[in-house]
1. Taking the stated definitions as given, is residue 103 at negative phi, at pLDDT 85 or above and either surrounded by 10 or more Cβ atoms within 10 Å (Cβ to Cβ) or out of contact with any strand residue (DSSP E or B) (no Cβ under 6 Å at 6 or more places or on another chain) (or both)?
2. Before we move on, is residue 194 closer than 30 Å to residue 89 by Cβ and out of contact with any helix residue (DSSP H, G or I) (no Cβ under 7 Å at 6 or more places or on another chain)?
3. Please specify each residue of the range 31-50 satisfying the condition of being surrounded by 10 or more Cβ atoms within 10 Å (Cβ to Cβ) and modelled with pLDDT of 85 or more.
4. What single numbered condition from (1) within 41 Å of the chain's Cα centre (by Cα); (2) modelled with pLDDT of 90 or more; (3) farther than 30 Å from residue 10 by Cβ fails to hold for residue 133?
């Protein structure tokens with residue numbers, strides 16, 4: 001498969017052709033002016049290039065459900081309601097004489113107490129082992145840092161090698177193109193010289209033929 005690539009390491013058109021850079025910049029400016037721009041409100045500022053307006057915004061790393069306006073607890077002024085403690089309430093049965101209501105209330109109370117007990121156990125475990133776990137997590141992350149740095153260095157070297165090979169290839173191709181262009185110009189010049197020579201010879205032949213005809217006519221008389 002044939003690939004077509006520019007030769008940025010070899011082409012010097014911007015340096016050789018006068019005013020080429022200005023013309024290119026002017027064409028780019030005209031193209032950008034002809035491209036529809038996104039409509040922004042008065043209090044909205046563009047966060048990315050206009051050409052990226054068709055793509056969805058990248059969510060912020062700080063965004064979360066707490067800042068989600070679709071959350072019913074999110075108020076119009078951008079604040080949250082106070083902590084919902086409804087599930088911590090222990091309601092009395094509506095009918096104080098109804099046995100089933102008291103049984104349900106007792107079951108609810110036991111469930112909430114068990115939930116609170118589990119939370120206390122979790123907090124106790126975090127207090128005892130959380131710091132060590134955090135240190136272990138940091139230690140594991142620190143162990144990964146040299147690997148990542150080594151990988152980054154490897155890819156940097158790969159990029160440099162690719163650029164060096166690309167530059168060498170483009171320089172070689174550019175030299176061959178320059179040589180072929182020079183040969184083509186020489187062939188064109190040679191062809192033009194041959195055409196001019198042929199034309200001169202043709203004129204000389206016609207002149208000699210005319211001279212021979214005149215001489216023949218003069219001899220016949």
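1. Values: at negative phi: yes; at pLDDT 85 or above: yes; either surrounded by 10 or more Cβ atoms within 10 Å (Cβ to Cβ) or out of contact with any strand residue (DSSP E or B) (no Cβ under 6 Å at 6 or more places or on another chain) (or both): yes.
When the stated conditions are applied, residue 103 passes them.
2. Spelling it out, it is not the case that residue 194 is closer than 30 Å to residue 89 by Cβ and out of contact with any helix residue (DSSP H, G or I) (no Cβ under 7 Å at 6 or more places or on another chain).
3. Answer for the range 31-50, where residues must be surrounded by 10 or more Cβ atoms within 10 Å (Cβ to Cβ) and modelled with pLDDT of 85 or more: just 32.
4. Among (1) within 41 Å of the chain's Cα centre (by Cα); (2) modelled with pLDDT of 90 or more; (3) farther than 30 Å from residue 10 by Cβ, residue 133 violates only (2).
The values are calculated or read from the model by the stated rules, or taken from the named source; none is laboratory data. Keep in mind it's a predicted model, so treat the numbers as computed, not measured. Counting neighbours? That spans all protein chains shown, and the Cβs are built from the backbone with ideal geometry, glycine included.
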